[in-house]
Amino acid sequence: MHVHVNAAQSVDGKLSTREREQVAISGPADFDRMDELRAGVDGVLVGVGTVLADDPGLTVKEADRRTRRERDGEPANPARVVADSRARTPPDAELLDDAAATYVLVSEDADDADVAALSAAGATVITAGSGRVDLAAAFDRLEAHGLERLLVEGGGELIFSLFEAGLVDRLTVYVGSVVIGGRDAPTLADGEGFTDPDSFPQLSLTDVEQLDGGVVLTYDA
Ligand code: NAP
């Protein structure tokens, strides 16, 4: 699985406010860049925290891009994927509409009734791991469904786990020229954090681009 993480952060590293409300950190040019990224993958992954906070649809917005995908023999939109150990995704979540296939990755701890409700809402539920979703195992299962290129759109808890598991191939971060602050506001990589400097994931910076008054940083992991 090729895993590309993309996020927008304030200059102080926050993905949103301490109230975990969605805020516009970038602008139209960056939204367009993100739409092109979505149009180039088989699946878009978010954590259930992002689903509960933002209720995103995760579809390709530009009609020309959906047409291009269909011309290439792909579905108009990439599949939506949620990392959701306990099946907390609401069955009426936007990403369960019929615009694209939706996979919900759960762990063995998910309640059968909640899993059944998600299946009834049209999701393909994949069980991987106990406690939290075993992301590496879940990605193997997604590959068996034909998903080979995944774009991860947050949030910070999920992104940390992906780095911790060594699953990130590319990172693009839009750094907006705004300060959000707040010790409890989500950052690009939350989770437990790394303590041993030898374990810090080392990235190599491959591109810097000015956009919408901020910068896009591209790294290979
Ligand atoms: P998140 O990363 O979207 O979701 C975290 C949840 O995913 C965990 O609490 C966990 O819940 C579930 N999960 C399942 N398997 C996991 C695993 N192996 N590792 C980690 N998590 C796993 O949530 P978040 O960090 O709270 O981020 C949400 C915030 O980020 C919102 O405020 C949203 O607006 C913001 N956001 C900003 C951007 C941006 O680009 N600026 C993008 C996305 C989101 P269970 O234990 O129940 O499974």
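Can you give me the % of accessible surface on the chain that is carbon or sulfur? Probe 1.4 Å, all protein chains present, nothing else counted. Walk me through the numbers on the way to the answer.
Numbers: 4940 of 10840 Å².
Carbon and sulfur together cover 46 percent of it.
Rolling a 1.4 Å probe over the heavy atoms of the protein chains gives region 1-148 an accessible area of 47 Å² per residue. Approximating the spin labels as points 7 Å out from Cα along Cα→Cβ, the E74-to-S130 distance works out to 3.8 nm.
A simple spin-label model places the labels of T206 and E148 1.7 nm from each other, with each point 7 Å out along Cα-to-Cβ.
State the answer as a single residue: which of A39, A138, P201 lies farthest towards the positive end of the charge dipole of the chain, with beta carbon charges of +1 for Lys and Arg and -1 for Asp and Glu, about the Cα centre. Going by the Cα projections, it comes out as A39.
Label positions at F194 and E21, each projected 7 Å from the Cα along the C-beta direction, are separated by 3.5 nm.
Per-residue extension of 0.36 nm, minus the Cα-Cα distance of V178 and L52, leaves a gain of 42.9 nm for this segment. With the convex hull drawn over the C-alpha atoms of the chain, the volume per residue is 123 Å³.
The values are calculated or read from the model by the stated rules, or taken from the named source; none is laboratory data. Bear in mind that the values here come from a model prediction, so they are computed numbers and not experimental data. Backbone-built Cβ (ideal geometry, glycine too); neighbour counts: all protein chains shown. Side chains included, ligands, DNA and RNA excluded: accessible areas come from the protein's heavy atoms. Shrake-Rupley method; radii C 1.70, N 1.55, O 1.52, S 1.80 Å.
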